Each structure stands twice: as C-alpha cells, then as structure tokens.
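The values are calculated or read from the model by the stated rules, or taken from the named source; none is laboratory data. Computed from a predicted structure; not experimentally measured. Cβ placement follows ideal geometry from the backbone for every residue including glycine, while neighbour counts extend to all protein chains displayed. Heads up: the accessible areas ignore ligands, DNA and RNA and are worked out on the full protein's heavy atoms, side chains in. Shrake-Rupley method; radii C 1.70, N 1.55, O 1.52, S 1.80 Å.
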Amino acid sequence: MSGKKSKAANGEGSVYQEGGRWVAAVSMSPGTRPVRRRRATKSEAIAAKQELLAQRVTGDYKAPSTKSLASLIRSWKAYQKFKNLAPATQSLYTLLIDTWVLPYLGTEVIRKIDNVRISDWMNSIQEKGANPPVVSVTRKVLISIFNFGINEVKWTETNPAKEVPAPSYDSKPIQLFSAEEADTLIMFAREDSQYGLVPIIGLTMGLRLGEILGLRWDAFDFTKEKPTLTVRRILDHTHSPPSIKERPKTKTSRRTLQIPRLLLNLLTDRIEQTNDWSSKEVQGEYLFLSQRNQHPGASTIYAYWYRLLRRAGLEKRKFHNTRHTYATRLLNSRVPIKLVSVMLGHNNVKTTIDTYWHYVDADQQVAIDAVDSLYGCD
C-alpha cells in the first residue's frame, strides 16, 4: 500500500512509503529521473535523502552500476578473501553458484535485484529440487557476494539476500558417542596398526578427518615438557586422487594443541618401533598411507571406518561425530567454551555455541553453587 509523497520545495526531494518500505527520491540533475533509496524506516529515508542532497551539492554522486550479478560474482571470485578459502570450500561455493544462482539471476542487473526477487528465486530453486539446507547455504554465499558489491567495488548499496530469511528446516540431531561407546571404539581401533590412530585422534583431540590424514611426524613436538601437535596441512580426500593442501581450512584451523596422555602413549609405542625417528626422512613421512604408500581416498578411509563400527557393535554414523563427541564431552566437563572453540579451530565462539550448546547439560545449580561460594555461603 503506497503512502502519500512528502515533497519539498525547490527540488529538495521527497520521502514516501511504498510496498511497506520508505523511499527517499532526489533528482540529481535537471530533467533526470529521481534517484531512489529504499529504507526500513521514515527516519532512515530522511537521512538517505539528506545524503543524496549533499552528494548533489559536492558532485560526489555516482550513478548506479548497470553491472550484472554474473559480473559481480566474477569479481568476487577474484577477490583475495575468496582465494583464501580452503580449496574444498571454494569448490562447494562455485558448485552452488553455477547450479543455483547463475542460471536464475546471473544476467540480472544488480541494483534491480530486491528482496522480492530474492524471495521468488529461493522459491524457484526449491521447486527445482534444492533442499532447504542447500538453499540456506547458497543464500549465505549470495549475502557474501552482495557485501562485496557494497563494501569493495561499490556497485550496490543494498543486500537484498540479507533481508530474506533462510528457509526453516529440522536438522538431523548429531549422533554422539557415549562414554562407553567411545571407550569401545578406541579399544577396537588400537588393534589396527594402519588406520587405528585416526578415530583415536578424532575422539581425543577433535581434529577434522582431513586434518588427521594430513599429519606428518614433523607436526609433533615431543621435546616439550607437554608434547604438542600442530595442525599445518590437510588431506583433501574427497577428490581423486587425494591431495595435500599446505593450508588448513581457515586461519584459526592452524593451531597447536597439547597431546592427551592416552594418545601420547600410543604415539610413543609407534615411535619406539621406528628406526632413527628424528631423521628428516622419517619426520617428513605421513602417519596414514595406504598399502601402496599413497594417501587414502574417501572410499578407503570410510570403508575402514564403517568396518570398525561393525566390529565394535556400534550403529553406522559419520566420522565427524568423533569431533562432535570430543567437543560436547569437554563442554560437559565444564571446560570454558572459548577454549573449546580455540581447540576445535573455529573462526569464532558463536559457531561453537550454535553447534553444541543444546547438547550441553546446563545445570543452573552449578551457577548457584558458584555464587554461594563467592559470598561465603557454601
């Protein structure tokens, strides 16, 4: 429903309501169509009008870009922040863009894409078979692209993808290992000399599978009083052939962690079976290689994983649940969530909270006891 335009005299523009939004309109030069800025509130529209008037006086106004979304995407993919993403993440984003964005929105002019168009697009791709999680992730990618258009190349001033909520869906609950199941899994894993340490590292240190498979002996420092492991590289085991990436998933993924005693004992046993462990040749060796002395691919490592679960009498579940189990057991042991976030290599603590908080036993009595102790009431 459109509201009545509020026009000012002497070409000083107008502010009015249209389609539930407030619009500021100012003619930047005689005989031209007014430049419009859509805002959520009247006060924001008035501020936008004043900004346009000021730009008209100073000559700082730049006409809106006529660039297409495809052009913006090409520039975004050449941007350093995109190049800094892990290769697997780059591949995923490119696949989502090529499948669900470019065929539907690629030729459209950026400034003409509004929240209504984004909403229609999200409905369209769901009708074409994109499930809600895929739509949600693709929307996040599109938000990043529009932010680039606003902050870096200045081709647009709005982010319509941000204005449209992601589709709601019920995510599958994480299948955690109980303490007893984790102990059983470790017991059977210890019997395997080739890949047995893989799930043990997952359960005791929370590393991602690619981080574990990318470990070389030089990642360990046993000279310290408290020996450490440093995550320096990952194995991209999802592509054929598997390949080593000398850069972890994110900057925070490169981290140095103390090695827990259980794992340290197993590593020490393995070192004692190795001749001249400190030599450069041994230090440069990878911990986990196939019988052909090659990096294991996804089919190899998952075949081992599911075979291990069957031997342990456990139901089938993803390997990544070893990492989830590690995180939730730390949180339920009252390890500070910020420390858990750092040890997991998360970009920020919000990721840790959003993923795990509803699996934590939040007992208010713990907080009450702490307050009582502080004030001498225990």
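Key figures
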{"quantity": "Length released on extending from Asn84 to Glu191, taking residue separation times 0.36 nm less the Cα-Cα span", "calculated": "34.6 nm"}
{"quantity": "Rg/Rh ratio calculated on Cα atoms of region 1-128 (Kirkwood radius)", "calculated": "1.08"}
{"quantity": "Debye intensity ratio I(q)/I(0), log10, region 69-131, q values 0.14, 0.21, 0.26 Å⁻¹ (C-alpha model)", "calculated": "-0.46, -0.93, -1.15"}
{"quantity": "Shape call, region 161-225: gyration tensor on alpha carbons, a/c limit 1.5", "calculated": "oblate"}
{"quantity": "Label point distance in nm, Lys226-Val342, each placed 7 Å from Cα along Cα→Cβ", "calculated": "1.1 nm"}
{"quantity": "Residue-normalised accessible area of the chain, expressed per residue, 1.4 Å probe, Å²", "calculated": "58 Å²"}
{"quantity": "J(HN,Hα) series, region 159-171, from Karplus relation 6.51 cos²θ - 1.76 cosθ + 1.60, nearest Hz, glycine and proline x", "calculated": "10, x, 5, 6, 7, 9, x, 5, x, 7, 7, 8, 6"}
{"quantity": "Total charge dipole magnitude, region 217-340, about the Cα centre, Cβ charges on Lys, Arg, Asp, Glu only, Debye to nearest 20", "calculated": "840 debye"}
{"quantity": "Cα centre as origin, Lys/Arg/Asp/Glu Cβ charges: the chain dipole, Debye", "calculated": "1940 debye"}
{"quantity": "Separation of alpha-carbon centers, region 108-169 and region 47-93, rounded to whole Å", "calculated": "14 Å"}
{"quantity": "Binned Cα-Cα distances of the chain, short to long, each 10 Å bin given as a whole percent", "calculated": "4, 17, 23, 20, 15, 11, 7, 3, 0"}
{"quantity": "Region 83-192 - convex hull of the alpha-carbon atoms, volume per residue in Å³", "calculated": "168 Å³"}
{"quantity": "Computed magnitude of the charge dipole of region 136-273 (debye, nearest 20; Cβ of K, R +1, Cβ of D, E -1)", "calculated": "620 debye"}
{"quantity": "Among Ala70, Ala88, Ala24: highest mean-square fluctuation, GNM of the chain, C-alpha pairs under 10 Å", "calculated": "Ala24"}
{"quantity": "In nm, spacing of pseudo-spin labels at Asn293 and Glu127 (7 Å Cα→C-beta vector)", "calculated": "5.9 nm"}
{"quantity": "Label-to-label distance, nm, for residues given as Gln17 and Ser240 (7 Å Cα→Cβ offset)", "calculated": "6.1 nm"}
{"quantity": "FRET efficiency for Asp60 and Asp120, using Cβ-Cβ distance with R0 set to 30 Å, rounded to 0.05", "calculated": "0.30"}
{"quantity": "Extension reserve of the Val153-Asn265 stretch, reckoned as 0.36 nm per residue once the Cα distance is removed", "calculated": "34.9 nm"}
{"quantity": "Charge-dipole axis of region 116-213 as Lys and Arg at +1 and Asp and Glu at -1 on Cβ define it, positive-most pick from Val198, Phe177, Ser124", "calculated": "Ser124"}
{"quantity": "Around Pro242: net Lys/Arg minus Asp/Glu count, Cβ-Cβ under 13 Å", "calculated": "+2"}
{"quantity": "Helix axis angle, 42-58 relative to the chain longest principal axis, alpha carbon, degrees", "calculated": "70 degrees"}
{"quantity": "Integer Hz, Karplus 6.51/-1.76/1.60 couplings in order for region 113-121, x for Gly and Pro", "calculated": "8, 10, 5, 5, 5, 5, 4, 4, 4"}
{"quantity": "Percent of C-alpha pairs per 10 Å bin, region 58-104, short to long", "calculated": "22, 42, 22, 11, 2"}
{"quantity": "Cα long-axis angle, helix 261-272 against the chain (0 to 90 degrees, to the nearest 10)", "calculated": "60 degrees"}
